[in-house]
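I have placed the structure first, in the form of structure tokens, so that the comments after it can refer back to it.
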Ligand code: ADP
Ligand code: MG
């Protein structure tokens with residue numbers, strides 16, 4: 001394997017002689033695969049795809065059923081459909097943007113296809129009179145049925161466009177990479193795995209199909225039991241879920257054992273720090289906050305590294321708890337860092353911590369990706385000399401070259417984007433011989449019992465009390481036929497100086513399409529509410545633009561913020577008191593809860609309007625009902641667990657939870673107890689398999705060499 005790498009030149013290509021590809025192994029870089037030049041490889045990197053083995057575990061996020069052509073007259077709004085018709089017309093239109101409008105007709109009804117990105121060749125191929133087969137989410141509006149950016153094929157006759165005989169796997173993508181490309185690369189990876197000793201050898205005691213057979217089923221679904229696949233209940237899926245959950249259990253055991261064996265800095269100033277902070281705070285700490293701070297004080301004084309998870313519902317006030325711990329470290333002459341998943345959150349935390357800690361004479365440093373080189377160098381210097389005790393930055397901060405003089409505490413906010421693998425990296429950041437204390441903060445509503453299983457390596461503290469003076473968010477569920485009422489409600493609230501979020505949802509793996517949907521809503525709302533100042537954020541905006549938009553909203557310069565679900569995590573704008581979630585029926589409970597947590601943060605009574613597209617399915621109705629009747633994250637988590645039985649298709653895997661690829665610890669909680677036992681057994685009886693399993697699913701096998 002190292003051979004194949006040494007043959008690569010700086011451009012990542014083999015040594016220029018065609019036909020001289022090195023023998024492919026799972027460790028070969030992607031540039032050696034057919035169809036993956038350096039440019040493609042660059043684009044795949046953000047998906048975590050760098051070597052052939054990464055492709056194997058890039059599992060479909062869902063499947064599309066293109067096994068039946070739906071008559072255009074039968075298409076349902078909001079549902080995906082495979083349609084086929086004769087091309088009636090193809091024309092370029094000019095709206096806010098240039099777009100291509102194609103009409104197809106299947107003899108009974110017609111349907112419009114809209115393309116916002118297209119080239120001349122594509123347009124030319126859509127010849128009037130030829131046939132076109134398209135797949136996508138149908139919208140039925142006043143002007144009939146349409147699909148925006150379908151996947152499509154054109155042929156001279158309809159017979160040349162039969163439906164598929166297998167389910168179509170859909171993968172997470174980035175711009176510039178197509179499903180077809182990813183599928184082709186995965187095919188090559190599967191062929192390599194076929195001869196790889198690690199994949200050929202099975203593991204003891206796991207049952208079900210072998211890993212390789214399971215991967216084949218997922219990537220190339222064929223034959224029977226396809227229904228089970230759609231429901232995440234296929235034996236192949238269960239095998240891989242068990243592997244992944246087991247790998248995490250194994251890893252957590254190892255992590256805890258190793259961490260606790262190392263010395264940790266002794267910090268005895270947390271309670272005094274909390275008292276000092278309290279003097280400057282504009283509010284009194286809640287009982288729950290004080291209790292959790294004393295848990296932390298106890299851990300930090302013990303001389304062993306802390307491994308603690310704080311679970312606290314959205315808005316429960318986790319940040320101030322972190323601030324007390326960080327101030328405690330600073331008062332002991334040590335450094336601490338708070339990491340958050342997005343630049344937006346980092347900036348917000350930096351503002352909050354500065355406001356609190358500067359008041360007691362403690363400096364707060366900020367490190368973001370977009371800092372100028374000179375600023376960054378200065379920041380790195382202040383971290384390395386120990387001059388600045390408290391730091392805030394994104395997770396990327398830790399992948400880079402940042403060095404601390406005396407780092408003693410790491411706080412990780414919104415842990416559900418931060419898996420075990422990443423936590424491993426933290427250990428190396430302390431001064432030689434000292435492992436930093438770890439404080440993980442999460443609002444992910446997971447029932448308490450489950451949290452203890454999922455985060456088996458962590459001690460758990462719960463903030464089970466909201467700050468006083470909050471009026472619970474009033475939640476209303478209503479059909480989008482009442483959009484007009486909703487608009488007038490927003491208009492009225494904004495006239496009274498309040499602010500509102502309008503969240504667009506789209507079940508799509510493609511951020512491009514999500515962005516387009518948000519842009520469309522934005523245009524529409526600006527027309528409908530001309531007196532309001534409207535802002536827009538989505539994942540396709542440049543970081544600076546996104547921040548400018550958020551800042552404008554935070555300062556009140558914009559009154560209504562149209563957003564995709566990017567605002568889900570942690571954003572704190574207390575004056576925002578109305579949230580509209582469009583097509584709320586598409587989202588899972590935990591996502592709805594996270595979103596709703598963005599309002600109800602100030603003293604004003606807040607409202608959350610969950611708009612749905614009728615008719616409402618049974619599962620969606622049940623979910624929206626839960627949202628309407630409770631705001632308690634733990635109750636919602638419990639209901640989520642109950643409701644997510646078989647048949648409950650949320651369209652999108654919720655594995656983002658702790659960075660898992662296929663398992664969902666909430667949905668799959670029943671699998672965990674058996675695996676905990678297996679994990680104990682393996683560490684006792686076959687540590688080699690344990691390490692292999694960790695390496696496969698979590699990576700960084702070298703780190704385990706020290707075990
Ligand atoms: P989360 O737990 O969701 O991270 P934050 O730490 O962002 O919550 O806190 C939410 C809001 O509540 C912030 O504006 C914060 O200043 C405020 N807050 C925190 N603790 C209290 C308290 N004890 N009393 C009143 N307000 C508080
Ligand atoms: Mg928070």
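The values are calculated or read from the model by the stated rules, or taken from the named source; none is laboratory data. Since this is a predicted model, take the numbers as computed values, not measurements. Neighbour counts are summed over all protein chains in view; Cβ atoms, including those assigned to glycine, are modelled from backbone coordinates with ideal geometry.
Any residue at all in the stretch 469-478 that's modelled with pLDDT under 85 and under 22 Å from the mean Cα position of the chain (by Cα)?
No - not one qualifying residue is present in the stretch 469-478.
Against the condition in contact with a helix residue (DSSP H, G or I) (Cβ under 9 Å, 6 or more places away or on another chain) and either more than 22 Å from residue 547 (Cβ to Cβ) or within 16 Å of ligand 1 (Cβ to nearest atom) (or both), how does residue 350 come out, does it pass?
Here the answer is no, as residue 350 does not meet what is asked.
Residues of the stretch 606-616 being more than 16 Å from ligand 1 (Cβ to nearest atom) and either assigned to a loop (DSSP other than H, G, I, E, B) or surrounded by fewer than 17 Cβ atoms within 10 Å (Cβ to Cβ) (or both), which ones? Break it down stepwise before answering.
If we filter the stretch 606-616 for residues that are more than 16 Å from ligand 1 (Cβ to nearest atom), which is where we start, we get 607, 609-616.
Answer for the stretch 606-616, where residues must be more than 16 Å from ligand 1 (Cβ to nearest atom) and either assigned to a loop (DSSP other than H, G, I, E, B) or surrounded by fewer than 17 Cβ atoms within 10 Å (Cβ to Cβ) (or both): 613, 614, 615, 616.
Anything in the stretch 516-549 that is at pLDDT below 85 and more than 27 Å from residue 601 (Cα to Cα)? List them, or say none.
The answer is 516, 517, 540, 542.
Would you mind telling me which numbered condition in (1) within 25 Å of the chain's Cα centre (by Cα); (2) free of Cβ contacts under 8 Å to residues at least 40 places away in the same chain residue 237 fails?
Here residue 237 clears every test but (2).
Quick check: is even one residue across the stretch 71-82 more than 23 Å from residue 168 (Cα to Cα) and out of contact with any helix residue (DSSP H, G or I) (no Cβ under 9 Å at 6 or more places or on another chain)? Please lay out each step first, then the result.
Initial filter on the stretch 71-82 (more than 23 Å from residue 168 (Cα to Cα)): 73.
Narrowing further to those that are out of contact with any helix residue (DSSP H, G or I) (no Cβ under 9 Å at 6 or more places or on another chain): 73.
Yes, the stretch 71-82 contains at least one residue that is more than 23 Å from residue 168 (Cα to Cα) and out of contact with any helix residue (DSSP H, G or I) (no Cβ under 9 Å at 6 or more places or on another chain).
In the stretch 297-320, which residue that is crowded, with 24+ Cβ neighbours inside 10 Å and more than 25 Å from the chain's Cα centre (by Cα) is farthest from ligand 1 (Cβ to nearest atom)?
Within the stretch 297-320, the match that is farthest from ligand 1 (Cβ to nearest atom) is 305.
So how many residues does the stretch 570-586 have that are within 16 Å of ligand 2 (Cβ to nearest atom) and either over 21 Å from residue 343 (Cα atoms) or not in a loop (DSSP other than H, G, I, E, B) (or both)?
Residues in the stretch 570-586 being within 16 Å of ligand 2 (Cβ to nearest atom) and either over 21 Å from residue 343 (Cα atoms) or not in a loop (DSSP other than H, G, I, E, B) (or both): 1 in total.
Would you confirm whether any residue within the stretch 636-644 is more than 16 Å from ligand 2 (Cβ to nearest atom) and either within 16 Å of residue 471 (Cβ to Cβ) or in the same structural domain as residue 534 (by TED's automatic domain parsing) (or both)?
No, that holds for no residue.
Is it the case that residue 285 is within 16 Å of ligand 1 (Cβ to nearest atom), in a loop (DSSP other than H, G, I, E, B), touching a residue at least 12 places away in the same chain (Cβ under 8 Å) and not assigned by TED's automatic domain parsing to the domain that holds residue 191?
Criteria met by residue 285.
Checking the structure you have, find out if any residue of the stretch 326-336 is within 16 Å of ligand 1 (Cβ to nearest atom), in the same structural domain as residue 386 (by TED's automatic domain parsing) and more than 15 Å from residue 412 (Cα to Cα).
yes
Just to check your reading of the model, which residue among 213, 189, 201 is outside the structural domain of residue 304 (by TED's automatic domain parsing), surrounded by 15 or more Cβ atoms within 10 Å (Cβ to Cβ) and either farther than 24 Å from residue 32 by Cα or touching a helix residue (DSSP H, G or I) at 6+ places or on another chain (Cβ under 6 Å) (or both)?
Just one listed residue meets the conditions, 189.
Please go through (1) within 16 Å of ligand 1 (Cβ to nearest atom); (2) touching a helix residue (DSSP H, G or I) at 6+ places or on another chain (Cβ under 7 Å); (3) at pLDDT 90 or above for residue 576 and return the number of the only condition it doesn't satisfy.
Condition (2) is where residue 576 drops out.
Tell me which residues, restricted to the stretch 65-101, are modelled with pLDDT under 85 and either in a strand (DSSP E or B) or out of contact with any strand residue (DSSP E or B) (no Cβ under 8 Å at 6 or more places or on another chain) (or both).
95, 96, 97
Restricting to the stretch 128-145, give me the number of residues that are more than 16 Å from residue 82 (Cβ to Cβ) and modelled with pLDDT of 95 or more.
The qualifying residues number 3.
Of all residues in the stretch 323-343, how many are in a helix (DSSP H, G or I) and surrounded by fewer than 24 Cβ atoms within 10 Å (Cβ to Cβ)?
The qualifying residues number 2.
Please state which of the following conditions residue 456 fails to meet, knowing it meets all the rest: (1) in contact with a helix residue (DSSP H, G or I) (Cβ under 7 Å, 6 or more places away or on another chain); (2) at pLDDT below 90; (3) not in a loop (DSSP other than H, G, I, E, B).
(3)
Kindly indicate whether residue 602 is part of a loop (DSSP other than H, G, I, E, B), modelled with pLDDT under 90, within 16 Å of ligand 2 (Cβ to nearest atom) and surrounded by fewer than 21 Cβ atoms within 10 Å (Cβ to Cβ). Before the answer, list the steps.
Numbers: part of a loop (DSSP other than H, G, I, E, B): yes; modelled with pLDDT under 90: yes; within 16 Å of ligand 2 (Cβ to nearest atom): yes; surrounded by fewer than 21 Cβ atoms within 10 Å (Cβ to Cβ): yes.
Against the criterion (part of a loop (DSSP other than H, G, I, E, B), modelled with pLDDT under 90, within 16 Å of ligand 2 (Cβ to nearest atom) and surrounded by fewer than 21 Cβ atoms within 10 Å (Cβ to Cβ)), residue 602 qualifies.
Being in contact with a helix residue (DSSP H, G or I) (Cβ under 7 Å, 6 or more places away or on another chain) and crowded, with 19+ Cβ neighbours inside 10 Å is the filter here, so list the residues in the stretch 461-476 that pass it.
Those that are in contact with a helix residue (DSSP H, G or I) (Cβ under 7 Å, 6 or more places away or on another chain) and crowded, with 19+ Cβ neighbours inside 10 Å: 461, 463, 473, 475.
Answer with yes or no whether residue 271 is assigned to a helix (DSSP H, G or I) and over 29 Å from the mean Cα position of the chain (by Cα).
Working: assigned to a helix (DSSP H, G or I): yes; over 29 Å from the mean Cα position of the chain (by Cα): yes.
Answer is yes for this residue.
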